[in-house]
Amino acid sequence: MKKMFSLLLTLVMLNCGITVVPVVAEETFDCEETIAEESIITASYLISNYNLNIYKNGSILYVNALTGSNSTMKTIGFKDVTVEYSTNCSDWYEYRQPFDYTVSSASSCYMTNYPISVTNGYYYRVTLNHYAEASGLFGSSQSVYNTSNVVS
């Protein structure tokens, strides 16, 4: 299922004119207490699927994320994207101020190989809220919290 989703995501990105560049990534670390499994989950409301993972190449951390809905949203994307660092995979500290990454009038939002400069020698992870806001008079919203894998 994970490989099928990855292939489908790659085909969608190629269709949209986004260039996919294979990169040799560094090892991913499993920190038992802080890492949730990679999420491709169907939410019960506005957000139908979401995903978040990171990799590091040299001193650049790359963020890949998806927030999807089954219909066009007024706003969809990511809120409170925060890069965190740790020396021990237990105590996490904010590395970069949180930021939002959203689009309007769309059914999905992708953050593809979003680069963030980091300092070598630490563990890194990204936390964010997948976000969707419906249009209309009673425009409701949904937010799903997610934590990425850990890289060093």
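The figures follow:
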| item | result |
| --- | --- |
| Other-chain or far-sequence residues with amide H under 5 Å of Tyr122's (modelled H) | none |
| Trypsin sites (Lys or Arg not before Pro) lying in DSSP loop within region 66-118, provided at most 16 other Cβ fall within 10 Å | Arg96 |
| Heavy atoms of Ser71: accessible area, 1.4 Å probe, square angstrom to 10 | 60 Å² |
| Under the Karplus curve 6.51 cos²θ - 1.76 cosθ + 1.60, θ = phi - 60°, whole-Hz ³J(HN,Hα) for region 51-64, x wherever Gly or Pro sits | 7, 8, 8, 9, 8, 10, 10, x, 9, 10, 9, 10, 10, 10 |
| Local net charge near Lys79, Cβ-Cβ under 12 Å (Lys/Arg +1, Asp/Glu -1) | -3 |
| Amide H contacts of Asn149 (H built 1.01 Å from N, under 5 Å, at least 5 apart or other chain) | Ile54 |
| Whole-Hz couplings from phi, Karplus 6.51/-1.76/1.60, listed for region 99-115; x for Gly and Pro | 9, 10, 9, 10, 10, 10, 6, 9, 9, 7, 9, 10, 10, 10, 6, 5, x |
| Interchain or long-range residues, amide H under 5 Å from Arg96's placed H | Val83 |
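The values are calculated or read from the model by the stated rules, or taken from the named source; none is laboratory data. Keep in mind it's a predicted model, so treat the numbers as computed, not measured. As a convention, Cβ positions derive from the backbone with ideal geometry for all residues, glycine included, and neighbour counts pool all protein chains shown. Surface areas here come from the heavy atoms of the whole protein model, side chains and all, with no ligands, DNA or RNA. Shrake-Rupley method; radii C 1.70, N 1.55, O 1.52, S 1.80 Å.
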